[in-house]
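Laboratory data are not the source of any read-out in this text; all were calculated from the coordinates shown. None of the values given here were measured: they were computed from a predicted structure. FYI the Cβ positions are ideal-geometry reconstructions off the backbone, even for glycines, and counts take in every protein chain you see.
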Amino acid sequence: MQGENVPAPYELELTGKDGKPIMIEVSGRLISYKGRPADLATVRDIRERKKLEEQRLRLEKLAAIGEMATMVGHDLRNPLQSIANAAYYLNNELPHLSSSAPMPNKVMEMISLINESVNYADGIIRDLRDFSATRQPMLEKADINAIVKAAIRQLEVPENVGIVIELGRLPEIGVDIDMMKRVFMNLARNGIQAIENGGILKVSTKKAKRFVEINFGDTGTGISKENMEKLFTPFFTTKAKGMGMGLAVCKRFVDAHGGSIDVESKEGKGSTFTVRLHVLR
Ligand code: ADP
């Protein structure tokens, strides 16, 4: 009203009665009110808009990570395969080279270290690729119990961890067998890794109403309240050698089946992850 320029709409943070911040947008303009010049200011609560913007940014970031991961993963696969082939060759040939003295243990130990490292790196690439892949599940009628058993067979179980398996009677349902096996392996492996000083991982299946339920309950460390919200976020990990993609991949695969994955946990007591898949699809 003093003849200065009206500012463009701007954002401001206010504090609500409960002490929480409220983002608002203020826009003002000059109007004529009852024949006299006046200010018209609009204050808009933009919390929802901010949330959606953040969500969009996060999705864009994930898509970019995915693209890069696919590229890098693709380029790393070939050299990794060469390293694995070379280690395989050495493993076969070295013992025959020195007929007089046996090969020092250290040499064979190093070869198996190469193999382990290749497998580890390969796992990281696979996780990244799985997460970024837009592959739709290839559904076929399958026996979930058989997939659970196959997944557990492939895991290394330390001596101080007991695995209890209780399989209920289930109808066959349409799933992508490879995807589900990965989900079950990831959940079971996490359960085993959460057990530090010996304990039990109980894997059970049952039909509950219109769902098939698969439970992975461990007597491990449990999960803090704070971490509960971050579990399924890509790259969230509390493990020294963790990648943080396991649960993100699980969620992506289960979502692609129209199913759900839930977790209950008590710190110091253990955690249970539950996958639910629709019987009729
Ligand atoms: P990673 O195993 O590479 O850390 P995940 O996405 O599989 O990646 O898991 C993310 C994090 O969630 C883990 O680092 C761990 O802190 C937590 N977590 C997952 N499963 C369990 C479990 N059964 N018990 C306790 N913590 C778990």
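Provide the net charge surrounding PRO158, with neighbours chosen by a C-beta distance below 14 Å and charges set as Lys +1, Arg +1, Asp -1, Glu -1.
The answer is -3.
Would you mind getting the Kirkwood hydrodynamic radius of region 183-281 from its Cα pairs, rounded to one decimal in Å?
Over region 183-281, the inverse of the mean reciprocal pair distance is 13.8 Å.
Apply the Kirkwood formula to the chain: the hydrodynamic radius equals the inverse of the mean of 1/r over all pairs of different alpha-carbon atoms; give it in Å with one decimal.
23.4 Å
Would you list LYS269, LYS225 from fewest to most Cβ contacts within 10 Å?
Neighbour counts put them in this order, fewest first: LYS225, LYS269.
Expressed in nm to one decimal, what extension gain is obtained for the pair ARG56 and ILE22 from 0.36 nm per residue of sequence separation less their Cα-Cα distance?
10.2 nm
Among TYR120, ALA64, MET110, whose Cα projects farthest towards the positive end of the dipole of region 51-144, with charges put on the beta-carbon of Lys, Arg (+1) and Asp, Glu (-1)?
ALA64
Could you state the angle between the C-alpha long axis of helix 246-256 and the longest principal axis of the C-alpha atoms of the chain, as a value from 0 to 90 degrees rounded to the nearest 10?
70 degrees
Under 8 Å for C-alpha pairs, at least 6 residues apart: give me the relative contact order for the chain, rounded to a whole percent.
13 percent
With an 8 Å cut-off on Cα pairs and a minimum separation of 6 or more residues, tell me the relative contact order of region 45-197 in percent.
25 percent
At a Cα cut-off below 18 Å, give the lysines reachable from LYS202, other chains included and same-chain residues fewer than 8 away excluded.
Those lysines meeting the cut-off are LYS149, LYS181, LYS266, LYS269.
Nothing charged except the Cβ atoms of Lys and Arg (+1) and of Asp and Glu (-1): what's the magnitude of the dipole of region 1-135 about its Cα centre? Round to the nearest 20 debye.
Its charge dipole is roughly 680 debye.
Can you sort ARG44, ARG36 so the residue with the fewest Cβ neighbours within 10 Å comes first?
ARG36, ARG44
Could you work out the relative contact order of region 1-103, using alpha carbon pairs under 8 angstrom and six or more residues apart, expressed as a whole percent?
So the answer I get is 15 percent.
Order of ARG77, ARG29 from fewest to most other C-beta atoms within 10 Å?
Sorted ascending by nearby Cβ count, the order is ARG29, ARG77.
If you place +1 on the Cβ of every Lys and Arg and -1 on the Cβ of every Asp and Glu, how big does the dipole about the Cα centre of region 66-159 come out, in debye to the nearest 20?
So the magnitude is around 180 debye.
Helix 47-97 against the longest principal axis of the chain: what's the angle in degrees, Cα atoms only, rounded to the nearest 10?
20 degrees
Cα convex hull of region 1-100: mean projected area in nm², to one decimal?
Orientation-averaged projected area of the Cα hull: 15.1 nm².
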